[in-house]
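J.: Let me begin by handing over the structure; questions about it come next.
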Number of protein chains: 2
Amino acid sequence: MSKETKAEESHRQDSANLLIFIILLTLTILTIWLFKHRRFRFLHETGLAMIYGLFVGIILRFGVHLPQDLNDITLTCAMNSSPTTILVNVSGRFYEYSLKGEVRDSKGHDVPNAEMLRKVTFDPEVFFNILLPPIIFHAGYSLKRRHFFRNLGSILSYAFVGTVTSCFVTGLVMYGCVVFLKVIGQLGGDFFFTDCLFFGAIVSATDPVTVLAIFNELKVDVDLYALLFGESVLNDAVAIVLSSSIVAYQPEGDNRHTFDGSALLKSLGVFLGVFSGSFAMGAATGVMTALVTKFTKLRDFPLLETALFFLMSWSTFLLAEACGFTGVVAVLFCGITQAHYTYNNLSAESKSRSKQLFELLDFLAENFIFSYMGLTLFSFQHHVFNPLFIIGAFLAIFLGRAANIYPLSFLLNLGRKNKIASNFQHVMMFSGLRGAMTFALSIRDTATYARQMMFSTTLLIVFFTVWQIMSFSLVGVDTDQDNSVTPDGMTQKSTKHESAWPFRLWYTFDHNYLKPFLTHSGPPLTSTLPACCGPIARCLTSSQAYENAGQLHDEDTELILNDDSSLMYSDMTVSTDAHGMPTPSTSQAGLCSLARTSDDPLDRELVFGGTRLVLPTDDPSDPLTSFPPPPPSPPLSDPLRHRV
Amino acid sequence: MSKETKAEESHRQDSANLLIFIILLTLTILTIWLFKHRRFRFLHETGLAMIYGLFVGIILRFGVHLPQDLNDITLTCAMNSSPTTILVNVSGRFYEYSLKGEVRDSKGHDVPNAEMLRKVTFDPEVFFNILLPPIIFHAGYSLKRRHFFRNLGSILSYAFVGTVTSCFVTGLVMYGCVVFLKVIGQLGGDFFFTDCLFFGAIVSATDPVTVLAIFNELKVDVDLYALLFGESVLNDAVAIVLSSSIVAYQPEGDNRHTFDGSALLKSLGVFLGVFSGSFAMGAATGVMTALVTKFTKLRDFPLLETALFFLMSWSTFLLAEACGFTGVVAVLFCGITQAHYTYNNLSAESKSRSKQLFELLDFLAENFIFSYMGLTLFSFQHHVFNPLFIIGAFLAIFLGRAANIYPLSFLLNLGRKNKIASNFQHVMMFSGLRGAMTFALSIRDTATYARQMMFSTTLLIVFFTVWQIMSFSLVGVDTDQDNSVTPDGMTQKSTKHESAWPFRLWYTFDHNYLKPFLTHSGPPLTSTLPACCGPIARCLTSSQAYENAGQLHDEDTELILNDDSSLMYSDMTVSTDAHGMPTPSTSQAGLCSLARTSDDPLDRELVFGGTRLVLPTDDPSDPLTSFPPPPPSPPLSDPLRHRV
């Protein structure tokens, strides 16, 4: 076979492999539609994608038999390392080869279809560089910002303190388990303490999808929902930085068996550095996009505007990666900033365009990852399933999650006015679906025995938690009616005096300076900045801001004086209705800012991150919509109606 | 440096390189906006992208100095070929390496920043597998189908006969040039006859963008416009299949100097096989999508619908590539089929979503390719600029294009009722901008001396034709007023009796069977199929079709009886207005189906394929809008008004 023919053959094979996934996704979409159409609600779309992937994995493993490719040439050379690039001197001409990975010749040939299975395996970096960014960006872009910012303190506590706690508790339990396995001689290779911590970090990332699935059944308060969703989104970011910090400073050689305090401190330093760096980059790109869209008339050309928005958001990722920070984290904060500022500057057209684009990318990427996950259970060739390790891992993640939620909730409740009820704590405890992020982190490196065992176990954890969430939702529908988190006593004192002083400080700063600087809304800078900054303020304030100034004074400013933070951040929520069109949900909607679909004949749904929630009916006895009791049909233009 | 650190370093470098292009595109977008805002019209956006790319190329080449990466390990081995994959045995462990390409050690080191420049170079397959498909799909998806189908005969003549003629004429002229160069000793390597033909094929692909730029200035008839646009879109498909057929059957070894008749015939066979195979795949996927969207209620969930639409369209590409056909060609025909059938089944939401998505992808991909082109002029390390060859090439493409347009136009005019005026022939002659496809085909393989010389020359041709088009447009504005193609005498007899019998046959079949089968529109199959097929017909006809049946009989069916094909294909054109929203342009718009933007304050534009055209005003003396004279304000519901 000539070189061209072989390259062509390999390209065909690649196309065929990718085609398998496209067909899988197409099938998933059609099945989702069928389920939605027939109103089966017991299976989430990601679960479906996983099951289809599983079937294809079984078929590839046991059903298809391809001849081994024997055309590889084996070079034996006296190198003591495997460089990423080698130059091969073929009769005077130099060819460059790049490392693809280690081939386990001794083991690989035991597995049937090894060649075939190796070919449907993607480079793990694909997940980090192509599939995760749109998912994470979309999560940030569709955060309900009003409720998110109001609960920022609690969310940050769960995300930082909670995830780190969970990581260490899980890691310690796993270390105990590993030591036990070694004693009884069940461990087939090295497994160090840092490996345990790494495992703790990767299984501490929970997926926001679950939150929606559960919120569907248990009619919880919007604030608590924001808490849960915000925590899920942020702990992904914490987990990825945490795991890379652990890897970066794991002691080498003989030191690996001992606990190294200075390495731990270094890891902490790396963690803080990488996290804040990524945060800064994400926020900076978001702010830059806001400025560009504010000070140019780009909104006259929505195609250019959307293209710019897309490119700037993507550049955050690349910039962070190029500087050695974490792109995925940067993208998350970029998404939040874009939604908070830039979104307000976009033309109506671009608002819906950008929403739809990222919604689609998120949907495709998420389903792709889950079907790949299903496939990997059978196609991955170096699985190490250790029953005791797996049992230990399930115990560890249970304890780790408990150590995250319960003590923190207790501490937070001391300060919170809107208490986190114990029922809701249980929901948080069991809603920890491990999804795309956990999978991507565990498949990133499967070179050592420890990592392979971790990967196999993680895969089972993801499968189990997805299944658990499904049955949880099912149970919720049938029997958990009296077990549901009713808002009595919990949200009674509720949203009115919730906001703590750091939040009020942040709000005032954001409202008076950042929003007017970055968008066309908010009070004119001329009125908020001191007189000496007059010329700059005039230069930075757009004409729209003056026009909006009057009503802003009536509405927003009085709200903050009254400390009624429930109506702060009255910008549009960027949720979309069942047809994907953004539904304006401004302060007019009062406390319940959930977008409703009035034109969907099937059911009344809230669409959020590609997942749909059925909203309670308008029945006045319904706890969510009727509480706090809305004022009896006030005129829309009455600014006083907001003061409940 | 450890392996991990090196891999990380390389990833950072990759991110930084991609970031360069993102920043380039961002700059291009902002400049395009500035130009549009200030109403500078002399520079097309692709030209801008190219100029920015050029600057960055100069900076990278002469401005930045990076240390050489000396960590590569050179293996010397006694192989007589360079396999795509090698296994390296490093002290008992096997590592897989894949071929990245040949490194010219002797030449490469002469160029400053060789390492740096090599790194900003993309794998040429990126163009074929990632960037070209959305561009070509968008071209197919936004073809004005009514006018396209009416001129199908002429379009196919230009695309097939014309492109093949152009390829051979150019190839022969180039062969003469090469023989001359060899005689005077100016040729530094082998250059065979098949290389000349290959060069002829790649420079025969013209870019549809130009057509729009010129149409902007010269107010031509919509039919002739469709002719020009259709030819540009299809000759890309012909050129890509033609070039691969030439490569596939080029004689090896000593036979390369001789003309081989049987190889030529084989090439022709490959050409026909690959082309029809790709066409069939594209059409089949389009039809399948139409059926799925027709027979499911997927339209209730626009996100699922758009995702399905996107995945099915993408799968065409992969399917064709996996089967050894040409993905880009399949994608083109898939786009046309999707627009003709599936588009009618989509929900309003998905119509705009899919349009916007592909418009954005097209915009980004096109500008990316053009800025890469600019960059490549300085960053490519194996340029071979041969002045005589370049002069010969310009002469050859001029003659090749002339041999395509003039004789064919003469022959076509014998049969056409709507004659192609000589003015318009000149426009076609000079509107042959060589763009993305020519570039992608020439950069695909730059291994030999001949290919390198071709690539350098092609790059200059692209630059020159882009520049030519710009100046052409400029001149058009200032002086060419009397030279413009006025429609007198040419479109007088015009569109009424244009359609030839193959078209009428196709139209009847499509209208009576295909459209009703694949969409909800058209007459019910129960009325068009023979009685024996009753049960199948009832099963395949949707309830909407019966509802539409009445008015269809009034309008469409009579039109065909009257042989007034101007109002056939009265489905919506999928062009978008300046805000990217699809503008319905049904038969109500009469003969001039160009979408107008009424709400754009800047100017009245036609947006098509990301390019904007300024439309003539509504001045009744304007030849485009006033001809054929519209009936004086008929009531909209009057079916008779169509019979001009």
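J.: Could you list, in sequence order, all residues of region B:342-378 that are open to solvent by 10 Å² or more (accessible area, probe 1.4 Å) and more than 12 Å from chain A (Cβ to nearest Cβ)?
T.: B:N344, B:L377, B:F378
J.: With the condition kept exactly as written, say whether any residue in region B:44-65 is closer than 30 Å to B:K351 by Cβ, away from chain A (no Cβ under 12 Å), at pLDDT 85 or above and surrounded by fewer than 22 Cβ atoms within 10 Å (Cβ to Cβ).
T.: no
J.: Looking at B:L25, B:L18, which one is closer than 22 Å to A:L298 by Cα, within 10 Å of chain A (Cβ to nearest Cβ) and at pLDDT 85 or above?
T.: B:L25
J.: How many residues are within 7 Å of chain B (Cβ to nearest Cβ) and under 21 Å from A:G522 (Cβ atoms) if we restrict to region A:297-308?
T.: Qualifying residue count, region A:297-308: 2.
J.: Go through A:V211, A:V241 for me and flag whichever is open to solvent by less than 10 Å² (accessible area, probe 1.4 Å), at pLDDT below 80 and on the phi < 0 side of the Ramachandran plot.
T.: A:V211
J.: Still on this structure: Take B:L361 and tell me if it is in contact with a Pro (Cβ under 6 Å, 6 or more places away or on another chain) and over 30 Å from B:L181 (Cα atoms).
T.: So B:L361 passes the test.
J.: Based on this model, can you work out whether A:V247 counts as open to solvent by 10 Å² or more (accessible area, probe 1.4 Å) and either at pLDDT 75 or above or more than 18 Å from A:Y175 (Cβ to Cβ) (or both)?
T.: yes
J.: Go through the residues of region B:287-296 one by one and say whether even a single one is within 12 Å of chain A (Cβ to nearest Cβ), out of contact with any Gly (no Cβ under 9 Å at 6 or more places or on another chain), surrounded by 24 or more Cβ atoms within 10 Å (Cβ to Cβ) and farther than 21 Å from B:E125 by Cα.
T.: yes
J.: Name the residues in region A:311-321 that are more than 7 Å from every other protein chain (Cβ to nearest Cβ), free of Cβ contacts under 8 Å to residues at least 60 places away in the same chain and within 14 Å of B:I23 (Cβ to Cβ), would you?
T.: A:T316
J.: When you go through (1) open to solvent by 50 Å² or more (accessible area, probe 1.4 Å); (2) modelled with pLDDT under 75; (3) charged (D, E, K, R) one by one for B:D221, which number turns out not to apply?
T.: Going through (1) open to solvent by 50 Å² or more (accessible area, probe 1.4 Å); (2) modelled with pLDDT under 75; (3) charged (D, E, K, R) one by one, B:D221 breaks only (1).
J.: Being surrounded by fewer than 23 Cβ atoms within 10 Å (Cβ to Cβ) and within 7 Å of another protein chain (Cβ to nearest Cβ) is true for just one of A:G273, A:G324. Which residue is that?
T.: It is A:G324.
J.: Show the residue pairs meeting these rules: Cβ distance below 6 Å; 6+ apart or different chains; first residue within region B:187-210 and under 30 Å from B:L227 (Cα atoms); second residue of a type in the set (D, E) and open to solvent by 10 Å² or more (accessible area, probe 1.4 Å).
T.: B:A205/B:D236
J.: Scanning for something closer than 29 Å to A:Y52 by Cα and part of a loop (DSSP other than H, G, I, E, B), does region A:386-407 turn up at least one residue?
T.: Checking region A:386-407: at least one residue is closer than 29 Å to A:Y52 by Cα and part of a loop (DSSP other than H, G, I, E, B).
J.: Only residues that are surrounded by 24 or more Cβ atoms within 10 Å (Cβ to Cβ) and either among the charged types (D, E, K, R) or not in a helix (DSSP H, G or I) (or both): list them for region B:121-143, please.
T.: B:S142, B:L143
J.: To continue, here is another question. In this structure, does B:R118 turn out to be open to solvent by less than 20 Å² (accessible area, probe 1.4 Å), at pLDDT below 80, part of a helix (DSSP H, G or I) and out of contact with any Cys (no Cβ under 7 Å at 6 or more places or on another chain)?
T.: no
J.: Also, I was wondering about something else. Given the conditions (1) more than 8 Å from chain A (Cβ to nearest Cβ); (2) more than 28 Å from B:H383 (Cβ to Cβ); (3) modelled with pLDDT of 85 or more, which single one is not true for B:W33?
T.: Against the list (1) more than 8 Å from chain A (Cβ to nearest Cβ); (2) more than 28 Å from B:H383 (Cβ to Cβ); (3) modelled with pLDDT of 85 or more, B:W33 comes up short only on (1).
J.: Same structure again: Assess whether A:T163 counts as being within 23 Å of A:V384 (Cα to Cα), buried (at least 18 other Cβ atoms within 10 Å of the Cβ) and either of a type in the set (G, A, S) or in contact (Cβ under 8 Å) with a residue 12 or more places away in the chain (or both).
T.: no
The values are calculated or read from the model by the stated rules, or taken from the named source; none is laboratory data. Since the model is a prediction, treat every value here as computed from it, not as a measurement. Here Cβ is always computed from backbone atoms with ideal geometry, including for glycine, and neighbour counts include all displayed protein chains. Remember, those area values only see protein heavy atoms, side chains included, never the ligands or the DNA or RNA. Shrake-Rupley method; radii C 1.70, N 1.55, O 1.52, S 1.80 Å.
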